[in-house]
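The values are calculated or read from the model by the stated rules, or taken from the named source; none is laboratory data. Everything numeric here is computed off the predicted structure, so don't read it as measured data. All Cβ positions, even for glycine, are placed from backbone atoms using ideal geometry, and neighbour counts span all protein chains on display.
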Amino acid sequence: MFNFQSFIRVSLVLTFVLLNFSKSYAQAEWAEYLARKNKNLMSIQVDMEFDYNRPNYKNLLIVGKKYNGCFKNGFPNEAGLNEIYTFSDATENALNKMTKNKLVGIITYNCIALDVYYIKDTINIRKNLENLYIREFNDDKNYIYLKKDKNQKYYYSNLFPQNLSSNYFTANEYLIELANAGDKLDDKRLVIHWAYFKSRKKREKFIKDLKDFAYQVDTIFLDKKDKYPYHLKFSKESAVDPYSIIDLTNKIQNRIYYYNSIYGGWGFDPKTED
């Protein structure tokens, strides 16, 4: 039997990113990133603006639906998205008639989608939503969780990202695109990396470091027009789940920066259901 209270206690797993950017996502209204719960991928969309523009709503409301249209990784396909949108629109319309509210997050996991709200009043909320779902949806596949949360603890513990760098979100954009196409990101693949050096000597020293960790050197290239002319492409079979990617790229970036050089990014072939 589905344990709803256990589900909403989200266990976040951070991912990392490919390239350097100056713009921060902290000012964006909404952001999306991947997490992991019970070895399965989870998508978390969060209203970032709520962090600095919070209405005084003290009640947490989480409503959800189990959708039929989903990939093997639990993410919705086109049919599943239509199910989610229909459910979410019906919930929003009903809430707007009952109380002031603010949608702050959307969680998608294991063929289940949850909308996270903070609402002002709770009078008849549960009863009216239950009647709505019984009337318009299959009620045994829908969930309602209502709790006092005066400090918005759930938002900060389970929705708000712990990493606010633009690099972090850029990596997530790539991983989310794969997950939305059905990629489980749960195996090992050949992960390719690029690096650029100012001198051949620094590149050679870095290549020596790579061999100590069983990386394969794929290509070396000289581009005299580049400020960092000594290019390097290297690879290794690695896990591609979010946690592994951040750990892997952190180590590579730190070593490349030790040589005052540039990390150009990473990539791997997708395994989707398309």
Report, ordered by the first and then the second residue, all pairs with beta carbons closer than 6 Å, sequence separation of six or more or different chains, a first member in segment 80-108 that is outside the structural domain of Glu130 (by TED's automatic domain parsing) and more than 21 Å from Glu49 (Cβ to Cβ), and a second member that is outside any helix (DSSP H, G or I) and small (Gly, Ala, Ser).
none
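Name the one entry in Tyr57, Tyr52 that is farther than 23 Å from Phe169 by Cα and outside the structural domain of Val240 (by TED's automatic domain parsing). If you could, list the steps in order and put the result at the bottom.
Working: Tyr52 fails: farther than 23 Å from Phe169 by Cα.
Tyr57 is the lone residue from the list that is farther than 23 Å from Phe169 by Cα and outside the structural domain of Val240 (by TED's automatic domain parsing).
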Matching residues, segment 33-56, being assigned to a strand (DSSP E or B), under 13 Å from Gly74 (Cα atoms) and of a type in the set (S, T, N, Q)
Asn40, Ser43
Among Tyr156, Tyr117, which is the only one that is surrounded by 16 or more Cβ atoms within 10 Å (Cβ to Cβ) and touching a helix residue (DSSP H, G or I) at 6+ places or on another chain (Cβ under 9 Å)?
Tyr117
How many of the residues in segment 139-183 are more than 24 Å from Gly69 (Cα to Cα), among the aliphatic types (A, V, I, L, M) and part of a helix (DSSP H, G or I)?
2
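Mind listing just one residue for me: the one in segment 91-114 that is small (Gly, Ala, Ser) and surrounded by 20 or more Cβ atoms within 10 Å (Cβ to Cβ) and, of those, farthest from Tyr133 (Cα to Cα)?
Here the answer is Gly105.
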Write out, first by first residue and then by second, each pair whose Cβ atoms fall under 6 Å of each other, whose residues are 6+ apart or on separate chains, and whose first residue, in segment 243-270, is free of Cβ contacts under 8 Å to residues at least 40 places away in the same chain while the second is not aliphatic (A, V, I, L, M).
Gln253/Tyr263
May I ask you to list the residues in segment 228-267 that are assigned to a loop (DSSP other than H, G, I, E, B), at pLDDT below 95 and of a type outside the set (Val, Ile, Thr)?
Asp241
